[in-house]
DNA sequence: TTTATGGCTGTCA
DNA sequence: ATGACAGCCATAA
């Protein structure tokens, strides 16, 4: 079925409210492609520069900003999150219990 | 086509 | 806690 996963991923990411964060795995699952967290990362990496997608609200399962090829992006991501009120500890990790995104019972609207 | 590489994740030592 | 391994599979070369 050639289901384009990128649009789905983007659709899910777009729902993350301000001041909240979600993990790649969570996004993948909500997008209907569980187990493809890596592809979520790819999809976000492929975003155009002028995007309004809150890609910075997506972090890894450890609750920290994932180290990327360009250190600047990593810093920017954390900066944007802190700007929204998300706080990190000394280890650069955040609290899922507090800033984690808790989506409601969402059945796929297909 | 085959290989290599990833903005990941979970498990085990 | 950290580090190594193994699955997952889309993209690029």
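A single member of A:15, A:20, A:62 is touching a helix residue (DSSP H, G or I) at 6+ places or on another chain (Cβ under 9 Å) and surrounded by fewer than 19 Cβ atoms within 10 Å (Cβ to Cβ), and it is A:15. Looking for something modelled with pLDDT under 90 and crowded, with 19+ Cβ neighbours inside 10 Å - is there at least one such residue anywhere in the stretch A:65-86? The answer is no; no qualifying residue exists. Kindly check whether there is at least one residue in the stretch A:59-74 that is more than 16 Å from DNA strand C (Cβ to nearest atom) and in contact (Cβ under 8 Å) with a residue 12 or more places away in the chain. Looking through the stretch A:59-74, none of the residues is more than 16 Å from DNA strand C (Cβ to nearest atom) and in contact (Cβ under 8 Å) with a residue 12 or more places away in the chain.
Restricting the stretch A:26-44 to residues that are more than 11 Å from the chain's Cα centre (by Cα) and in contact (Cβ under 8 Å) with a residue 12 or more places away in the chain, which is nearest to residue A:102 (Cα to Cα)?
At the first step, the residues of the stretch A:26-44 found to be more than 11 Å from the chain's Cα centre (by Cα) are A:29-36, A:38-39, A:42.
Checking the rest, the ones that are also in contact (Cβ under 8 Å) with a residue 12 or more places away in the chain come to A:30-33, A:36, A:38-39.
Numbers: A:30: 11, A:31: 14, A:32: 16, A:33: 18, A:36: 20, A:38: 21, A:39: 22 Å.
Here the answer is A:30.
The values are calculated or read from the model by the stated rules, or taken from the named source; none is laboratory data. Only a predicted model underlies this, so the values are computations on that prediction, with no experimental measurement involved. Cβ: placed from backbone, ideal geometry, glycine included. Neighbour counts: every protein chain shown.
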